1. Note the angle between two axes, namely the Cα long axis of helix 67-81 and the longest principal axis of the Cα atoms of the chain, as a number of degrees from 0 to 90, rounded to the nearest 10.
2. Cα axis of helix 7-23 to longest principal axis of the chain: angle in degrees, 0 to 90, nearest 10?
3. Calculate, for residue 5 and residue 254, the FRET efficiency according to 1/(1 + (r/R0)^6) with r their C-beta to C-beta distance and R0 45 Å; round to the nearest 0.05.
4. In whole percent, and with a 1.4 Å probe on the protein chains, what portion of the accessible area of the chain is carbon and sulfur?
5. Provide the per residue accessible area, probe 1.4 Å, for the chain, rounded to a whole number of square angstrom.
6. Could you rank the peptides 79-87, 130-138 by their average count of other C-beta atoms within 10 Å per residue, with the highest value first?
7. Can you give me the Cα centroid spacing of region 2-23 and region 311-339 in angstrom?
8. Highest mean first, how do 168-177, 247-256, 225-234 rank when packing is the count of other Cβ atoms within 10 Å averaged over residues?
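The values are calculated or read from the model by the stated rules, or taken from the named source; none is laboratory data. Keep in mind that what you see is a predicted model, and the values were worked out from it rather than measured. Neighbour counts are summed over all protein chains in view; Cβ atoms, including those assigned to glycine, are modelled from backbone coordinates with ideal geometry. What goes into the accessible areas is simple: the full protein's heavy atoms, side chains included, and nothing from ligands, DNA or RNA. Shrake-Rupley method; radii C 1.70, N 1.55, O 1.52, S 1.80 Å.
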Amino acid sequence: MDFTLDEELEAVRGLANQIFADRATTERVREAEGSPDRLDEELWAELGKAGLLGIALPEEAGGAGLGLGALCVLLEEQGRHVAPVPLWPAAVGALAVAAHGTREQRESLLPAAADGSSRLTVALEEFGPADPAEPRCAARPDGDSWRLTGVKAVVPSPFGAAHVLVSAAAEGVPGLFLVASDAEGVSWEAEETTTHDLAGTLTLDDAPARAVGTPGDGAVGWTIERAAVALAAVQLGVAQGAIRHAVTYLSERRQFGRPLGTFQAVQHQLADCYIDVDAMRVCLWQAVTSLQGGEDAAAAVLVAKWWAGDAGLTVAHRVQHVHGGIGVDVDYPVHRHFLWARQISGTLGGPSADLARLGAVIAAGRITS
């Protein structure tokens, strides 16, 4: 299968790379990490002005209509530069509203999501070993609306997000619900993440909510699959950015009178990294193609997520190793790639959980590609 990007996606890649290269320098990333919300709001605004925040959204919602593939191209470029902006949760939340929300929800939320003036985040994880597709947060009917009670863990970049999409169980079936971040019955506790971002523990105490779709209609699984693919795209970029640092360092650092990059053991390490990155790329685009084609993409998504979690973290480890002592300097750029790789690897369940879910899909005979 040919996964070569077409002209539109190459244009997206070029524009995204230009903005991130200019705006996500090491100095600016360090500055954002020291800010109260840990985000680069100027970079976020720049992405909005360039039309990249709405790249995947339908044109009628103010987006470019280029779909999930364009979003993955954008996220890959973000990962290369470890740019501190909440792209994946905001984009996945907006896509879920576009696909499953009511007309009123789409009209009120998506134009602002596309231009960056307002943003969403997603609350898909909970404490403990629970499968994200089987939330324990409870939803009960309240007239035409709903009330949610429960705790959601590690909600990505919630501070500054106007609304959060919460997965919850309604009468035993999973559903997706829209909650205003400042609504009554909603409380937040900041969590320091591996990547220096601020995540949040979301506690819901009979909080008012609106359903996005109908509980049991598959919206939760749909959203989790897009979130998994989005994370795989970011991880692909993180791994490529780490290798770029390694190549630069090894070509300049000399030992025994010659560059470190000329040593066979080091070359073998980088060769393994390139093989892993190619596997991550192929599996990512297999999943994207399956999702965009309307196929049952459960297996393809889990394979992509497993490669991102396992191989992506392995690449980060190898790159840190070949840097020697400087690789563990928390202020050296390559360390940020390691931190991002570790954070992404464990989001929505780690590689072991992905393999267990993949085994269940295979056992159920749901392999279509």
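1. That helix lies at roughly 50 degrees to the long axis.
2. Between the helix axis and the principal axis of the chain, the angle is about 70 degrees.
3. Values: r = 37 Å, r/R0 = 0.83.
Using R0 = 45 Å, I get an efficiency of 0.75.
4. On the way: 8210 of 15550 Å².
Looking at the chain in its full context, I get 53 percent from C and S.
5. Details: 15550 Å² over 369 residues.
For the chain, the solvent-accessible area averages 42 Å² per residue.
6. Numbers: 79-87: 25.7, 130-138: 17.0.
Packing proxy ranking, top to bottom: 79-87, 130-138.
7. Taking the Cα centre of each part, region 2-23 and region 311-339 sit 25 Å apart.
8. Values: 168-177: 20.9, 247-256: 13.8, 225-234: 26.8.
So the peptides 168-177, 247-256, 225-234, ranked by packing, come out 225-234, 168-177, 247-256.
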